[in-house]
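Read the figures in this text as sums done on the coordinates, not as results from a lab. Since the structure is predicted, the reported quantities are computational estimates derived from the model, not experimental observations. All Cβ positions, even for glycine, are placed from backbone atoms using ideal geometry, and neighbour counts span all protein chains on display.
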Amino acid sequence: MKKTSLVIAATLLALLLALAAGAAWYVHTKLPVREGTMSLERLSATVTVQYDERGVPHIHADNEADLYRALGYVHAQDRLFQMEMARRLANGELAEVFGPRLLDSDKLFRTLRLREHAKTMVARLAPQSPASRALLAYLDGVNQFQATHPAPMEFDALGIRKRPFTPEDAAAVSGYLAYSFAAAFKTEPLMTFVRDKLGPQYLGVFDTEPHPEGGLRSLDTALASPGSAPAGTSSGKAVALSTQDWEGLNQLAQVSRQALRSAGMGEFQGSNAWVVSGQRTQSGKPILAGDPHIGFSVPATWYEAHLRAPGFELYGHFNALNPLALLGHNTRFGWSVTMFENDDIDLIAEKANPANPGQVWHQDQWVDLQVTNDTIKVKGAADVVLPLRTGPHGPIVTDAFHQNYGNTPIAMWWAFLETDNPIEEALYQLNRADTRDKARAAAEMVHAPGLNILWANTSGDIAWWAAAKLPQRPEGANPLFILDASKGEAEKGGFYNFSFNPQEENPARGYIVSANQQPASVVPVPGYYLLPDRAKRLDDLLQDGKSKWTPELTTRLQLDVCNDYPKRVLKLLLPMIDRVATDPNDRAFMEPLQKWDGCYEPNSVAASLFSQLSYELSKAVFEDELGELQFQNLLGTPALDHALPRLVADVHSPWWNNIKTPQKESHFETVRVAWSNTLKHMMGLYGTSLIDWTWANTHTLTHRHPLGQQKPLDRLFDVGPFAVPGGRETPNNLSQAIGPAPWAVTFGPSTRRVIDFGAPDKSLGINPVGQSGVLFDRHYSDQAERFAQGLYARQRLGAADIHAHTDSTLTLQPKP
């Protein structure tokens with residue numbers, strides 16, 4: 001018996017060891033190979049790839065074709081699953097591997113027509129242009145890696161078949177990037193609902209009019225007279241939408257908000273960038289800083305790579321399936337970007353023919369809608385056939401959910417679909433723009449999405465261009481609302497010349513700052529601009545001439561966690577709370593808010609209180625009129641951030657009344673409810689001791705992987721949580737959604753970069769997670785803790801510096 005037990009135990013041990021060995025072998029086959037020699041087809045000469053301590057490849061080739069082919073190869077071995085998710089999201093093919101839960105996302109992206117437009121974009125490319133050759137070489141490198149190596153483990157888990165990546169895939173992904181900037185789907189139906197269903201008197205708290213004087217000047221005006229809120233305008237007449245129409249639009253807004261997160265792709269949310277001229281720096285050369293704000297994910301948005309070939313060098317930050325850097329620098333020049341936030345999407349209510357639903361009214365006649373059928377494959381379910389219609393103003397986007405929608409077709413006019421938009425050529429030129437004239441010419445070729453490009457060089461030039469094709473809309477047509485095609489609101493008179501775009505070159509003040517605020521403009525530039533408080537905070541500190549700017553001071557500014565927004569809201573709100581908080585215990589919780597400086601430090605209790613109070617006040621004020629779905633849509637738009645200061649300034653706003661109760665509430669009753677609910681929620685989570693209410697306890701960052709949405713895989717693939725400082729619209733914009741505590745940081749700096757052109761080879765940066773997207777690879781999450789702590793790493797350019805910090809070398813040689 002004892003002998004039998006020993007045999008069984010030995011057998012089980014052997015099986016366990018075999019399983020462990022098999023698992024170790026399986027994981028090993030998936031890891032990137034960063035050392036040794038590999039052969040690639042169509043290389044003309046040997047390419048050397050030196051990996052530094054962060055896993056950043058420094059690629060040295062004898063020509064551009066080899067350079068970009070090698071970039072595609074090394075990018076794919078670190079990020080192939082991210083590339084696959086990007087193209088599936090853009091092409092509307094996620095349900096094929098994730099099943100029915102992502103069917104709505106696929107329907108949305110099919111109606112955006114990115115797959116169709118990608119073919120048009122590729123057909124426009126000049127096959128022999130340098131940008132086209134770079135893209136084809138890069139994709140060849142991606143496909144060679146995919147064809148010769150085991151698939152990522154996510155492919156195995158989801159049953160994804162390998163298939164080559166194409167130029168059309170790359171073009172479609174550029175469309176996803178353009179779409180991720182757009183706020184129209186979330187905001188325009190909401191604002192139209194307020195105007196048409198509630199009435200123009202409810203618009204007063206929303207900032208519905210453009211500010212050609214610029215966001216900073218409009219903020220100065222508001223601060224000068226905080227006791228009154230500007231009256232809203234109706235800006236157009238009601239569009240005829242039924243209850244079922246509104247339900248369909250709500251669904252469209254919800255799916256638009258959720259689609260990118262479900263696929264693990266970061267949504268572009270905002271950004272900081274500034275450039276200081278040499279007259280104000282210690283080195284005597286410009287300093288460039290930038291931190292684009294994007295939804296956090298695993299892997300991170302950017303892939304860093306240093307490219308070198310005769311006549312060309314760039315340390316770049318690259319997106320999936322794009323060989324051209326969206327951020328970059330070298331020893332001569334560099335640039336960063338922020339979202340312009342201009343409105344380049346119009347939602348348009350078409351007038352349907354009552355006698356023929358396949359026709360709409362356009363230019364005094366009924367015109368036929370073009371109809372095609374698209375088929376979506378769904379894992380574990382039958383294929384779904386989606387009818388798609390296109391009208392005179394663009395795709396009918398409500399066809400995504402036609403079964404739940406009413407009778408009014410909503411079309412989408414989108415500058416991305418309506419312009420030539422040579423984005424690859426623009427980026428190719430920007431990657432080489434060592435003079436102001438070259439950089440300006442590259443910026444002019446960016447049509448959509450709108451980007452603020454901040455640029456500097458070692459010659460001392462600094463500049464900013466708001467890059468986009470700005471449409472000429474009819475006078476009185478406000479694209480913040482759904483436009484009425486039957487009234488001519490949707491027609492365009494062409495585009496403004498680039499010279500009318502907001503821009504500056506070498507301003508006398510010696511610096512330029514861009515933080516998604518509305519820029520001053522000479523032509524109307526409606527948009528979804530973010531709070532000007534973040535830009536004002538940066539501007540206030542940058543104009544301080546007490547000391548010369550250095551990289552160290554610049555990193556401190558990037559990590560700043562303060563702004564005046566809370567003080568703007570609390571200046572009028574705290575006196576209301578003081579009058580309604582009669583319980584001595586409740587009043588004791590006011591003290592942190594009364595003493596708060598508006599800084600979201602880890603030990604701040606006021607930051608937690610203000611964030612919960614902002615949500616409770618918003619819920620008490622807006623949810624009864626809007627309903628649950630529209631209220632959730634409001635929480636996801638910058639419109640709410642703009643509305644709160646205006647609301648507390650207008651004690652006569654109709655929003656204060658709760659329409660679900662028989663009595664009419666004043667601002668005092670509603671504030672009392674919000675304050676009481678704030679304390680109740682915080683006590684329920686953290687007890688009555690304020691020591692446990694600190695920002696560090698309530699505000700955390702977790703980088704989430706698409707497979708992490710299925711528990712317990714989150715423990716394997718996700719990275720975090722990390723307690724982090726910063727908050728909504730502070731320079732260190734580690735931002736949480738407006739909602740109840742605890743708060744998960746949803747977006748923030750996708751990288752932090754500081755380049756002093758007095759010593760560009762000592763530039764600083766950081767990746768929020770790691771270079772690699774391959775689980776168990778040592779660069780999967782090796783920068784996450786440093787990022788949370790506000791630390792930086794060297795972005796190496798010098799040959800000696802690279803050699804001294806080379807961790808491994810991969811040699812790519814021509815295949816015999």
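Distance between the pseudo-spin-label points of residue 331 and residue 283 (7 Å out from Cα toward the beta carbon): 1.3 nm. Other residues lying with their Cβ under 14 Å from the Cβ of residue 658 contribute a combined charge of -2, Lys and Arg counting +1, Asp and Glu -1. Helical content of the chain, expressed as a calculated mean residue ellipticity at 222 nm, amounts to -11500 deg cm²/dmol (DSSP H runs of 4 or more residues, -39,500 (n - 2.57) each, divided by residue number, nearest 500). Helix 64-91 sits at what angle to the longest principal axis of the chain, using alpha carbons and giving 0 to 90 degrees rounded to 10? Tilt relative to the chain: about 40 degrees.
At full extension, residue 163 and residue 505 could sit 118.5 nm farther apart than now, given 0.36 nm per residue minus the alpha carbon distance. Cα convex hull, segment 657-816: 240 Å³ per residue, rounded to a whole number. What separates the Cα centres of segment 39-107 and segment 581-603 is a distance of 50 Å.
Multiply the residue gap between residue 312 and residue 128 by 0.36 nm, knock off their C-alpha separation, and tell me the result in nm, one decimal place. Could you put the intermediate results ahead of the total?
Details: separation 184, 0.36 × 184 = 66.24 nm, distance 1.88 nm.
Here the answer is 64.4 nm.
Seen against the Cα atoms of the chain and their longest principal axis, helix 243-262 is set at about 30 degrees. Counting Lys and Arg as +1 and Asp and Glu as -1 over every other residue whose Cβ lies under 9 Å from the Cβ of residue 90, the net charge comes to +1.
What would the Debye equation give as log₁₀ I(q)/I(0) for segment 641-726 at q = 0.15, 0.18 Å⁻¹, counting only Cα atoms as equal point scatterers? Result of the Debye calculation: -0.85, -0.93.
The residues 35, 424, when put in order of fewest to most other Cβ atoms within 10 Å, stand as 35, 424. Spacing of the modelled spin labels on residue 567 and residue 628, each 7 Å from Cα toward Cβ, amounts to 4.0 nm.
Within a 10 angstrom radius of the beta carbon, how do 718, 756 rank from fewest other beta carbons to most? Could the numbers behind the result be given before it?
Details: 718 18, 756 25.
Lowest count first: 718, 756.
Which FRET efficiency, nearest 0.05, do residue 101 and residue 689 yield, Cβ-Cβ r, R0 51 Å? Please report the intermediate quantities before stating the final value.
Details: r = 41 Å, r/R0 = 0.80.
According to the calculation, E is roughly 0.80.
Quick check on packing: order 193-206, 682-695 by the mean number of other C-beta atoms within 10 Å, highest mean leading. Mind dumping the intermediate values first?
Values: 193-206: 20.0, 682-695: 15.8.
Result, highest mean first: 193-206, 682-695.
The angle between the Cα long axis of helix 638-649 and the longest principal axis of the Cα atoms of the chain comes to about 30 degrees, rounded to the nearest 10.
Compute and list, largest first, the equivalent-ellipsoid semi-axes of segment 415-467 from the alpha carbon gyration tensor, each √(5λ) rounded to a whole angstrom.
Working: eigenvalues 93, 24, 9 Å².
They are 22, 11, 7 Å, listed largest first.
Given R0 = 22 Å, the distance between the Cβ atoms of residue 42 and residue 119 translates into a calculated FRET efficiency of 0.35.
Over the Cα atoms of the chain, the radius of gyration divided by the Kirkwood radius equals 0.97; this is the Rg/Rh ratio. When 101, 161 are arranged by Cβ crowding within 10 Å, least crowded first, meaning fewest neighbours, the order is 161, 101. Using the Cβ-Cβ distance between residue 556 and residue 243 with R0 set to 56 Å, the FRET efficiency works out to roughly 0.60. Note on residue 198 and residue 365: the extension gain reaches 56.9 nm, defined as 0.36 nm multiplied by sequence separation minus the Cα-Cα distance.
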